[in-house]
Amino acid sequence: MSAPRDWSIYDAADTLDAVSHRRADGRREMILRIEGMHCQNCVRHIQDALAPLTRSARVNLPTGTAELVWDERVARASQLFAAVERAGFTPEPLNPEPALRERQHERGAMLLRLGTAGLLGMQVMMLAATQYFIDAPLEPAIELLMRYAQWIMATPVLLYCAWPLLDSAARALRERRVNMDVPVSLGLLMAYAASCVNVLRGSGHVYFDSVTMFVFLLLVARWFEGQGRAEATKRLRTLAS
C-alpha cells in the first residue's frame, strides 16, 4: 500500500483560496473530484469519513465529485483530503490542470484496454463457438489446442484489461469495505481459475469466453460512465470558475 500523501500544501492561504472560497457565513466551500467511486457504498464510506470534519458533505456519484462545507476552526483543508484518502479514494481539487491531464491519460488507457478486450474477446468467442454450434465432436488434439488458445488470449484480458476492476476490489478489501468491484472480480477470477483447471485436466467446461465478454461489457459501461462524468465535471468546473 502506498504511503499517505502530504496534503499540507492546501493549508497555505493562497492555495486554499485557489481551490475553495469563503461563504458569507464564514465557512469554506470546496468541490473535489473523487477518484475510485463506483457505487453507493463508496459514497457512504466517503460521507462517513468526512462527517466529523465538515458541516456538509454532498457526494455525487454520477459526477464523481464531493461538495464540502467546513469550518476552519474545526478542520484544516489537508485533514479533509487525508480523510478521503484514508477511506480508500483519491481526492483532487476540481480546477487544477494536472487533474485534467490525469483524467485525459486515464481515458486513453481505458480506451486501449477496451479495444484489447474487444479484439481478444471476439477471437475467444469464435473458438468457443465450436462448443455450441457444431454437433460433431472434435478431434481431442484439436479441441485441446483450441482450449489452450482461449486460455492464452483470455489471460491478458483478465490481467491487463480488467486490471482497474481487480485493483479497485483489492483496495476496497484492504480498507475492509466492499464495493461492486469485489463480487465482480471474485466471479471473474473464479471462472478463470476453474477454466484453467479444466484445461489442465483435459475435461470439463471452460468459461474463457464468458470472462472476456464480461470484461469487455464492463469496460464499455465504464467508458460511457467516464464520458458522462467528464462532461458533468467540465460543466461544474465552468460553474465553479
**Message:** Given a 1.4 angstrom probe, I'd like the percentage of the accessible area of region 1-76 that is carbon and sulfur, rounded to a whole number.
**Reply:** 50 percent
**Complete:** Regression test value, accessible area per residue of region 131-212, probe 1.4 Å, units Å², expected 57 Å²
**Item:** Spin-label zone in region 182-225 - amide nitrogen under 15 Å from a point set 7 Å from the Cα of Ile142 along the C-beta vector
**Value:** none
**Request:** Give the carbon-plus-sulfur fraction of the accessible surface of region 111-185 in %, rounded to a whole number; probe 1.4 Å, heavy atoms of protein chains only.
**Result:** 73 percent
**Item:** Calculated FRET efficiency for the pair Ala129/Arg22, C-beta based, R₀ 51 Å, to 0.05
**Value:** 0.20
**Asked** Quick one: how many Å² of Met125 are accessible to a 1.4 Å probe, rounded to 10?
**Response** 80 Å²
**Distance between modelled label sites at Val178 and Arg86, nm, 7 Å Cα→Cβ extension** = 2.5 nm
**Asked** Out of these labelled values of Cα extents along the principal axes in Å, (i) 78, 33, 26; (ii) 59, 47, 31; (iii) 54, 40, 27, which was calculated from the coordinates shown here?
**Response** (i)
**Item:** the chain: calculated mean residue ellipticity at 222 nm from DSSP helix runs of at least 4, using -39500 (n - 2.57)
**Value:** -21000 deg cm²/dmol
**Request:** Please work out the average accessible area per residue across region 1-95, using the 1.4 Å probe convention, and give it in Å².
**Result:** 50 Å²
**Fill in**
Distance in nm between Gln227 and Arg55 label points, each 7 Å along Cα→Cβ, equals 4.0 nm
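The values are calculated or read from the model by the stated rules, or taken from the named source; none is laboratory data. Since the structure is predicted, the reported quantities are computational estimates derived from the model, not experimental observations. For neighbour counting, all protein chains shown are included, and Cβ atoms are generated from backbone atoms with ideal geometry for every residue, glycine included. All accessible areas refer to the heavy atoms of the entire protein, side chains included, with ligands and DNA or RNA removed. Shrake-Rupley method; radii C 1.70, N 1.55, O 1.52, S 1.80 Å.
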